[in-house]
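The values are calculated or read from the model by the stated rules, or taken from the named source; none is laboratory data. On a predicted model such as this, the values are computed, not experimentally measured, just so you know. A quick note on method: Cβ atoms are made from the backbone with ideal geometry, for glycine too, and the neighbour counts reach across all protein chains shown.
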């Protein structure tokens, strides 16, 4: 499945919530009750979207940011337990593997809620489409999904937080985004990491043509944009199907 979704019945939300103020351990219970009241005021009984954790910056002395894209919010949508919410402003934290929803409070401040991962089916952010899937040993992960039919790519994005020396302003820094690739080819899933390992997944009869296709499209697997990869996957699928038009 590519990042283009089929039309769905959308739930358009207008988010106006007072900020949750935490003034110490003695007031936590009262604050939690007040927050629940504010959620009910904004959403009625439909509280799924904000049933998460209030965001705060856990790495104030770190250089860089933990997010996909530029660290800014992007318009998107999310499916929670099968219900679609659109017109949202989202961030995807690829260090902690969390999805954050930004909302505007009544006093004009921008707050974020970290969604509960177990309730997310899929989400879109910008032109990226992600599903929560269990494709390898271990628990389910968020994968960017590209392609359809005989060839589908799954990309898992991560960042690490590493120590930093020589700068008293920052104790640590976030690395650049890293991609790990899997491909479903005719129903079976295989890992690959570069052009050579990708080509080896195909029948020998088309490996030479696949190499030519990669070269003619100037594909750099580790740095190509979503748009470039989508066009390449479409061409590679046509080649696999025997249609080289």
- From 181, 190, grab the single residue that is surrounded by 15 or more Cβ atoms within 10 Å (Cβ to Cβ) and outside any loop (DSSP other than H, G, I, E, B). 181
- Considering only segment 195-245, how many residues are within 17 Å of residue 149 (Cβ to Cβ), assigned to a helix (DSSP H, G or I) and out of contact with any strand residue (DSSP E or B) (no Cβ under 7 Å at 6 or more places or on another chain)? 9
- Item | Hits in segment 159-183 - residues which are over 28 Å from residue 229 (Cβ atoms) and touching a strand residue (DSSP E or B) at 6+ places or on another chain (Cβ under 6 Å) | 163, 164, 170, 172
- Boolean, residue 143 is crowded, with 18+ Cβ neighbours inside 10 Å, touching a helix residue (DSSP H, G or I) at 6+ places or on another chain (Cβ under 7 Å) and within 30 Å of residue 88 (Cα to Cα): no
- Item | Test set (1) touching a residue at least 40 places away in the same chain (Cβ under 8 Å); (2) assigned to a loop (DSSP other than H, G, I, E, B); (3) farther than 26 Å from residue 63 by Cα - residue 145 fails condition number | (2)
- Query: Regarding residue 57, is this residue under 24 Å from residue 169 (Cα atoms), outside the structural domain of residue 226 (by TED's automatic domain parsing), modelled with pLDDT under 75 and more than 15 Å from the chain's Cα centre (by Cα)?
  - Reply: yes
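Select, from 50, 39, 101, the only residue that is out of contact with any strand residue (DSSP E or B) (no Cβ under 6 Å at 6 or more places or on another chain), modelled with pLDDT under 95 and crowded, with 18+ Cβ neighbours inside 10 Å.
On the way: 50 fails: out of contact with any strand residue (DSSP E or B) (no Cβ under 6 Å at 6 or more places or on another chain); 101 fails: out of contact with any strand residue (DSSP E or B) (no Cβ under 6 Å at 6 or more places or on another chain).
Going through 50, 39, 101 in turn, just one is out of contact with any strand residue (DSSP E or B) (no Cβ under 6 Å at 6 or more places or on another chain), modelled with pLDDT under 95 and crowded, with 18+ Cβ neighbours inside 10 Å: 39.
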